[in-house]
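The values are calculated or read from the model by the stated rules, or taken from the named source; none is laboratory data. Values in this document were obtained by computation on a predicted structure and should not be read as measured data. Cβ coordinates were reconstructed from backbone atoms using ideal geometry, including for glycine residues, and neighbour counts include every protein chain displayed. Note: areas computed on protein heavy atoms with side chains; ligands, DNA, RNA excluded. Shrake-Rupley method; radii C 1.70, N 1.55, O 1.52, S 1.80 Å.
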Amino acid sequence: METLQTLSARQSVRDYQARAVARELLEKVLAFANKAANAGPFQVTVVQEAALLQDINDATRVAMRDSGNDFLMQRAALEGYQPLYGAPVLLVFSAPAGPYAQINVANAATTVIIAATDLGLASGFIITPTLVLDGQNALSQRLRLPEGHVPTVCVPLGYAGDRSKYHHPRPLADNINWV
Ligand SMILES: Cc1cc2nc3c(=O)[nH]c(=O)nc-3n(C[C@H](O)[C@H](O)[C@H](O)COP(=O)(O)O)c2cc1C
């Protein structure tokens, strides 16, 4: 795909086919995590184990429901809502606490998402799983993260199901000023 076409094609996909993603394709996509601008350590954990995906999904839905945050509670209350959207792969981006941790992780995740889009995979950029993955608890331990790493961003990956599910066209933002 042309670069600008790829950037235009990217969207948060919230419905995935059950179809698995080939290891070779995942490796190709993951190589781009270390092409992003970076100022510190981070880790990408590739979660494909069905039981772990289900447990993260279910715990996240409960945490959203009990969060006290109106937006999250409304999402969790949607008919059949699954926070991981049925994706067969979840990338968990983690980093040790530090001033640039979130920037490093977001850069890497975004670069991976663009590569995935270019290679025909659907993806998302989600933080709700961090409600239940604090780097310390029993669920986090199943990720076998490096010592001191805290999950910051997750990226579901797979083949798109219904691209319009939970998708709202984005209003044009008036957020550029010239000086
Ligand atoms: C910091 C951040 C956190 C986000 N968390 C979630 C999330 O937990 N679940 C989700 O479905 N989308 C999440 N999103 C995706 C946004 O909802 C999405 O990017 C936005 O609605 C624009 O839509 P688009 O990505 O399809 O262009 C998040 C995006 C960002 C930047």
Inset, instruction - Consider only pairs whose beta carbons are under 7 Å apart and that are at least six residues apart or on different chains; among these, list those whose first residue lies in segment 96-114 and is closer than 18 Å to ARG10 by Cα and whose second residue is acidic (Asp, Glu) and crowded, with 20+ Cβ neighbours inside 10 Å. - result: none
Legend entry - Hits in segment 31-60 (condition: in a helix (DSSP H, G or I) and either touching a Ser or Thr at 6+ places or on another chain (Cβ under 6 Å) or open to solvent by less than 40 Å² (accessible area, probe 1.4 Å) (or both)): PHE32, ALA33, LYS35, LEU52, LEU53, ILE56, ASN57, ALA59, THR60
Legend entry - All positions within segment 73-85 that are in a helix (DSSP H, G or I) and either open to solvent by less than 30 Å² (accessible area, probe 1.4 Å) or more than 11 Å from the ligand (Cβ to nearest atom) (or both): MET73, GLN74, ALA76
Inset, instruction - For segment 112-131, indicate whether the set of residues that are more than 30 Å from THR6 (Cα to Cα), modelled with pLDDT of 95 or more and open to solvent by 20 Å² or more (accessible area, probe 1.4 Å) is non-empty. - result: yes
Inset, instruction - Output the qualifying pairs, or none if there are none: Cβ atoms under 6 angstrom, residues six or more apart or on different chains, first residue in segment 148-165 and farther than 30 Å from ALA138 by Cβ, second residue assigned to a strand (DSSP E or B) and open to solvent by less than 40 Å² (accessible area, probe 1.4 Å). - result: ALA160/ALA122; GLY161/TYR16
Inset, instruction - Using the structure shown, decide if PRO88 is within 12 Å of the ligand (Cβ to nearest atom) and either open to solvent by less than 10 Å² (accessible area, probe 1.4 Å) or closer than 30 Å to THR3 by Cβ (or both). - result: no
Legend entry - Considering residues of segment 161-178 that are of a type outside the set (Phe, Trp, Tyr) and away from the ligand (no atom under 12 Å from the Cβ) only, the residue most open to solvent (accessible area, probe 1.4 Å): LEU172
